[in-house]
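Undergrad: This is the structure I have questions about; it appears just below.
The values are calculated or read from the model by the stated rules, or taken from the named source; none is laboratory data. The structure presented is a predicted model; accordingly, all values stated were derived computationally and were not measured. Here the Cβ is made from the backbone with ideal geometry for all residues, glycine too, and neighbour counts use every protein chain on show. Side chains included, ligands, DNA and RNA excluded: accessible areas come from the protein's heavy atoms. Shrake-Rupley method; radii C 1.70, N 1.55, O 1.52, S 1.80 Å.
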Amino acid sequence: MSDYHYDNQTVKGFIVSSIFWGVVGILIGLWISVQMWKPEWNIPPFFTFGRLRVVHTNGLAFGLGIGAIFGISYYIVMRLTKRSLLFPKLARFHLYLFNVAIALAAVSLFAGMNQSLEYAELEWPLDIVVVILWVIFAVNVFGTIIKRKEEQMYVSLWYIIATVIAVAVLYIVNNLSIPAGLFKSYHLFAGVNSANVEWWYGHNAVGFIFTTPILAMFYYFLPKSTGIPIYSHRLSIIAFWSLIFAYLWTGAHHLVYTPLPDWIQTLAIVFTIFLIAPSWGSVVNGYYTVGSDWSKMQTHYLTKFFVLGITFYGLQTVQGPTQGLRVVSQLIHYTDWVPGHVHMGTMGWVTLTAAASIYYIIPKIYNTEIYSVKIANTHFWLVLIGQLMFSITMWITGIQQGALWKAVTPEGSLKYTFMETLARNYPFWQLRTVAGLIFTIGMLFFIYNIYMTMRKGKALAAAKA
Amino acid sequence: MASEIHHKLHTSPILFAVLATVAILVGTVVTMFYPMLTPEMHPKLENLKPYTPLQLAGKDIYQREGCNNCHTQTVRPLKTEVMRYGEYSKAGEFAYDRPFLWGSKRTGPDLARIGEKYPDAWHYFHFENPQALFAESNMPSYAWLKNRKLDPSDIEPHMKALGLPYTPGDVTALAGKTEMDALVAYMQVIGTSVKKKAEAAARPAVKETHVPNPLAGDPKAIALGKELFKSNCAMCHGENAKGGIGPSLVDNEFLYVAGDVPDDDYFEIIHNGTQPGMVEDGRTAKGGMPPFKGTLDKDKIWSVVAYIRSLQGK
C-alpha cells in the first residue's frame, strides 16, 4: 500500500493535461484580446469573438482550473489520508475521460453549441459527461477519506469535500434543460427565474472552483513548502464554515438593477459584504503563518507565490463585495472593470497558487529538485507584471466607460454617443493585449521549468535502474 | 463538550459532509429555490407574444454566435440609461426567454429596446458591414449569414420543445429564408412588448403656431450641425443627405409626400423618431427613425436642422 507510483502517474497526467489546456485557453485569450481592437481578426464562422470567448473561459476554468484541481486534490488526499487512492484504475479512467470531455467541449463551442449560460455553456450531452467526471472524483475522494489511515481530517480535506458537494448541487440544477435534439436545449427556467438560477450557479462556480479547492492547496502546500505550521487552526474552522454558508446567498449581486426582485438583490449584497470576513480569515491565517518567519520570502522561492496569491485573494474578496454595492455597480457593471476584477482572481490568486503547488508536487513525484529556481523567479515576476498591467488597465477603462455612459450636458442630454465611448477603449484594449503577452511568456517559463524537471527526474530514475 | 463535537466532526467524514451540505443548502433554498415557487418570478406582460418560428430561429442564431458576450439585453432603471436606450426593462418581458439573455458585458450597446428602432434594411446593412455604418466599431461582420439557408425541419422541434404555438404554414414559410432574415426578425421583436411611452410633443401644444428655428442660418450652428449629421445621421441618410437606408432630405419630399414642412416638424421627428402610422402634418410615417432626444439636446437638434436647410439651399 505504500506504493504511490501508479497514483502519482495519474496526478502527473492531470497536471500535464491541465497545462496543455491552459496553453490553449491562454492563446485564445490573446487572440480575443486582439479581436477587441482589430475586428479583422474574427474569422467566421468558427473563430469569431462570440464563439472564441467561451472557448477561452471554458478552456481555462474547466481545462486548466478543474484539471489542476482534480490532479492536485488527488495528491493532497493521498498525503493527508496516508494511503494510495481507493480506486486507482478509476482515477486513471477519470484522467482519460477528462481529456476527452475537454476536447469535445472545445469542438462543440467552436461549432456554436452553446446554452448561453455563463460558465455553463456546454450543451446537455456534455453536461452529463461533466457530472460523471465529478461523480468519479467524489467516489474516489470520499472512498479514500473513509478508508484513511490518519484519524484527523486536515482543513484541506474539508475544502475538497465542500467543493465536491457544492459543485454537484450547482452544476446539476443550473444545467437542467429541455433538450431539442442532441446539440440544442433550452433552459428549464425562464426569464427572471432563469437569471436567478444562472447567477446563483455562476457566482458559486467561482466560489467552489476558484476559491475552496485553491484554499485546499494553499492550506496544504504553504506549510509543506515553508515548514511553518498554519497559524490558527481555530481561525481556519470559523473561516471554513462561514465561507461555505455565506457564499450561496450572494449570486444576485450579478443582477443589481435588473428586473430581479429587489429583496433578492439586497439580500445578496448584504451577504456579499459579510463574505469579506471568512475570506479574510484565510488571508490573515496565511499572513500570520508566514509572519512567524518572513525570511522564508527570501530563502524559499515558493513562499512568495503563496503570499502574493493570498494577497490577490484578499484584494479580490474586498473588491468583489464593493462591486456588489448598488452605488458602485451602477458605474462599473457591464464595463471592462469586471474582466479586470476576474483576471486578478484567476491570473493572480488561482494561477499563482496552483503553479506553486505544481512546483512542489513534480519534484516530489520524481524524487528530485526543481530544475531552476531562477526560471521560477522569472516566471513569478512576469506573470505578476502581466496580471497587474491587465487588471489596472481594465479598471481604468472600466471607470472611464461607466463615466462616459453617464455623462450629460448642462442642458440634460447625453454627452457621448455609444461609439464615442467605445472608441476611447482602444488604447487600453491594446495595452491589455501586451499585458496578456507578458503573462503568457511568464507561463512559458513555468512550463519549460516543469518540463525540464520531469526530464531530469526521468534521467535520474533511469540512472538508478 | 465543544472539543468533543469538534473532534467528532473532524474524524467523521460522513457527518462532516452532511453538515457541509446543510450549510450550502440554506442560502440555496432562500435565494434560489423559494423564489421559484412564488408568482413574482413568473411574470408575463399582457403584450408579450410567443416567438414565431422565424424569430426563434433568429434567437437560436443569436445564442449560437454568442452575441450575448458583447451585448446586454436589460436597461437598468437609471436616468442616463433610460435616456440612451429607452424604457427600463420589466420582469414580465422575458417569460419566453429560456435562458434569459441579459448578458454581463456591454462591449457593444444594450439591445433591450432595439426592436422596431431601425428599419430592417438598417440591420441587414449593419450585420453585413458594421464599419460601413460606424467606422470605429469593433463588431465582426456577419455577412456570411446571408448565404446560409434556414432548415425548417430543424426549427420545428425547437418550437415543440418550448411548447410555442405555430401552424404548419409558419414552418413551411421558413423555406428559402436565410439565417440573416431570422436574426433580423429576432432583432425587431426584442423588447417590443413594452409599449413605447407616448412621446411628449416637443413643441407648443397649439399645432397651428409653428416655432421657427432659432439658429436658422447661423454659421456656427451649421458647422456644429454638419459634425452631428456626420456622426448621427449620415449612416442612414447618406453623406450628403441624398438618402440611403433612410429617405433623401434634399429632394423636397417629406414623409413620402411632395412639398416641404416647417422647421419644427424636422425638430420633432429628430427628437422623437417615427413610429409606423404616426401622423405628422397630415402625412403618415412608416417608422424606422430612432429618437435622438437622449443624445442630442435642443440646440444640437436645431443645429442639425440648420445644416439640413443649408444643404437644401434654404
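Undergrad: If we restrict to alpha carbons, what Rg and Dmax does the range B:95-161 come to, in Å?
TA: When restricted to Cα atoms, the range B:95-161 yields Rg and Dmax of 14.9, 42 Å.
Undergrad: What per residue convex hull volume, in Å³, do the alpha-carbon atoms of the range B:1-82 yield?
TA: It is 261 Å³ per residue.
Undergrad: What Kirkwood hydrodynamic radius do you get for the range A:1-89 when you take the inverse of the mean 1/r over all pairs of distinct Cα atoms, in Å?
TA: When all Cα pairs of the range A:1-89 are included, the Kirkwood radius is 14.7 Å.
Undergrad: Quick check: Cα centre of the range A:20-54 to Cα centre of the range B:1-57, how many Å?
TA: 34 Å
Undergrad: Based on the alpha carbons, how large is the Rg to Rh ratio for the range B:57-183 when Rh follows Kirkwood?
TA: Rg/Rh for the range B:57-183 comes to 0.98.
Undergrad: Quick check: pseudo-label points 7 Å beyond the Cα along Cα→Cβ at B:Gln275 and B:Lys79, how many nm apart are they?
TA: 2.5 nm
Undergrad: Let me ask something else about it. Suppose R0 equals 51 Å; then what is the FRET efficiency for B:Asn252 and A:Leu176 from their Cβ-Cβ distance, rounded to the nearest 0.05?
TA: Efficiency computed from Cβ-Cβ geometry: 0.25.
Undergrad: Show me the three semi-axes of the equivalent ellipsoid for the range B:221-314, from the C-alpha gyration tensor (sqrt of 5 times each eigenvalue), largest first, rounded to whole Å.
TA: Over the Cα atoms of the range B:221-314, the ellipsoid semi-axes are 19, 15, 13 Å.
Undergrad: Using only Cα atoms, tell me the angle between helix B:219-232 and the longest principal axis of chain B; keep it within 0 to 90° and round to the nearest 10.
TA: Around 40 degrees separate the two axes.
Undergrad: For A:His187, enumerate residues with amide H under 5 Å from its amide H, sequence gap 5+ or separate chain, H modeled in the peptide plane.
TA: Residues meeting the criterion, in which the H sits 1.01 Å from N, are A:Ile178.
Undergrad: A further question follows. Per q in 0.11, 0.22 Å⁻¹, report the Debye log10 I(q)/I(0) for the range A:316-423, using one uniform scatterer on each alpha carbon and no solvent.
TA: -0.52, -1.12
Undergrad: For the Cα atoms of chain A, what angle does the longest principal axis make with the long axis of helix A:5-35, in degrees from 0 to 90, nearest 10?
TA: Helix A:5-35 sits at roughly 20 degrees to that axis.
Undergrad: Over all alpha-carbon pairs in chain B, figure out the percentage whose distance exceeds 38 Å.
TA: Tail of the P(r) past 38 Å holds 31 percent of the pairs.
Undergrad: Near B:Lys105, which aspartates and glutamates are there with a Cα under 14 Å away, not counting those fewer than 8 places off in the same chain?
TA: Straight-line reach from B:Lys105, under 14 Å: A:Glu118, A:Asp336.
Undergrad: Now a separate question. Percent of accessible area on the range B:232-314 owned by carbon and sulfur, 1.4 Å probe?
TA: 54 percent
Undergrad: Above 29 angstrom, tally the Cα pairs of the range A:136-292 and express them as a % of all pairs, no decimals.
TA: Percentage above 29 Å: 30.
Undergrad: How high is the relative contact order of chain A, in percent, with contacts defined as C-alpha pairs under 8 Å that are six or more residues apart?
TA: Normalised by residue count, the contact order of chain A is 14 percent.
Undergrad: Also: Once every DSSP H run of n ≥ 4 in chain A is given -39500 (n - 2.57) and the sum is divided by its residues, what mean residue ellipticity at 222 nm do you get, rounded to the nearest 500 deg cm²/dmol?
TA: -24500 deg cm²/dmol
Undergrad: If you don't mind, there's one more thing I want to ask. What number comes out for accessible area per residue over the range A:132-180 if the probe is 1.4 Å? Units Å², please.
TA: 32 Å²
Undergrad: Related question: Can you tally the net charge around A:Val256? Count Lys and Arg as +1, Asp and Glu as -1, for every other residue whose Cβ sits under 9 Å from the Cβ of A:Val256.
TA: Its environment carries a net charge of +2.
Undergrad: Run the dipole for the range B:42-81 about the Cα centre, Lys and Arg Cβ at +1, Asp and Glu Cβ at -1, nothing else charged, and hand back the magnitude in debye, nearest 20.
TA: 100 debye
Undergrad: In addition: Would you compute, for the Cα atoms of the range A:371-457, the largest minus smallest coordinate along each principal axis and list the three values in descending order, in whole Å?
TA: Its Cα atoms span 72, 16, 14 Å along the three principal axes.
Undergrad: Take the eigenvalues of the Cα gyration tensor for chain A, scale each by 5, and report the square roots as semi-axes in whole Å, largest first.
TA: Equivalent ellipsoid semi-axes, largest first: 35, 25, 24 Å.
Undergrad: Using only the alpha-carbon atoms, how far is helix A:191-209 inclined from the longest principal axis of chain A? Give it as 0 to 90 degrees, nearest 10.
TA: It works out to around 30 degrees.
Undergrad: Could you tell me the total accessible area buried at the B-A interface, probe 1.4 Å, in square angstrom to the nearest hundred?
TA: Using a 1.4 Å probe, the pair buries roughly 7700 Å².
Undergrad: Could you list log10 I(q)/I(0) for the range A:281-346 at q = 0.23, 0.25, 0.28 Å⁻¹, which the Debye formula gives when each Cα is one point scatterer?
TA: -0.92, -1.01, -1.15
Undergrad: Here's another thing I want to ask about it. Using bins 10 angstrom wide from zero, how does P(r) for the protein assembly as shown break down, in % of all Cα pairs?
TA: Bin by bin from 0 Å, the calculated values are 2, 13, 22, 23, 17, 11, 6, 3, 1, 0, 0.
Undergrad: Here's another thing I want to ask about it. Once the convex hull of the C-alpha atoms of the range A:164-208 is built, how many Å³ does it hold per residue, rounded to a whole number?
TA: 69 Å³
Undergrad: What percentages, rounded to whole numbers, describe P(r) for the range A:64-221 computed over all alpha carbon pairs with 10 Å bin width beginning at zero?
TA: All Cα pairs, binned at 10 Å, distribute as 10, 37, 33, 15, 4, 0 percent.
Undergrad: Which entries of B:Lys44/B:Lys79; B:Lys49/B:Lys230; A:Lys406/B:Lys230; A:Lys406/B:Lys300; A:Lys184/A:Lys406 have Cα-Cα distances beyond 30 Å here?
TA: Checking Cα-Cα distances, B:Lys49/B:Lys230; A:Lys184/A:Lys406 exceed 30 Å.
Undergrad: With 27 Å as the cut-off, how large is the P(r) tail for the range B:157-314, expressed as percent of Cα-Cα pairs?
TA: For the range B:157-314, the fraction of Cα-Cα distances above 27 Å is 36 percent.
Undergrad: I would also like to ask the following. Can you give the relative contact order of chain B as a percent, counting alpha carbon pairs under 8 Å and 6+ residues apart?
TA: So the answer I get is 18 percent.
Undergrad: Moving on. Averaged across orientations, what area in nm² does the convex hull of the alpha carbons in the range A:57-108 project?
TA: Computed as one quarter of the Cα hull surface, the answer is 3.5 nm².
Undergrad: Evaluate the charge dipole of the range B:1-114 about its Cα centre and quote only its size in Debye, nearest 20, assuming +1 on the Cβ of each Lys and Arg and -1 on the Cβ of each Asp and Glu.
TA: Dipole magnitude for the range B:1-114 comes out near 260 debye.
Undergrad: Next question. Averaged over A:111-121, how many beta carbons belonging to a partner chain fall within 10 Å of each residue's beta carbon?
TA: 4
Undergrad: Given the C-alpha centroids of the range A:116-153 and the range B:258-313, what is the distance between them in whole angstrom?
TA: Value for the Cα centre distance between the two parts: 62 Å.
Undergrad: Output the Kirkwood hydrodynamic radius of the range A:1-157, Cα pairs only, in Å rounded to one decimal.
TA: Over the range A:1-157, the inverse of the mean reciprocal pair distance is 16.7 Å.
Undergrad: Oh, and also: Under the Kirkwood approximation applied to all pairs of distinct alpha-carbon atoms, what is the hydrodynamic radius of the range A:212-258 in Å?
TA: 12.8 Å
Undergrad: In addition: Given a 1.4 Å probe, how much area per residue of the range B:88-162 is accessible, in Å²?
TA: That works out to 40 Å² per residue.
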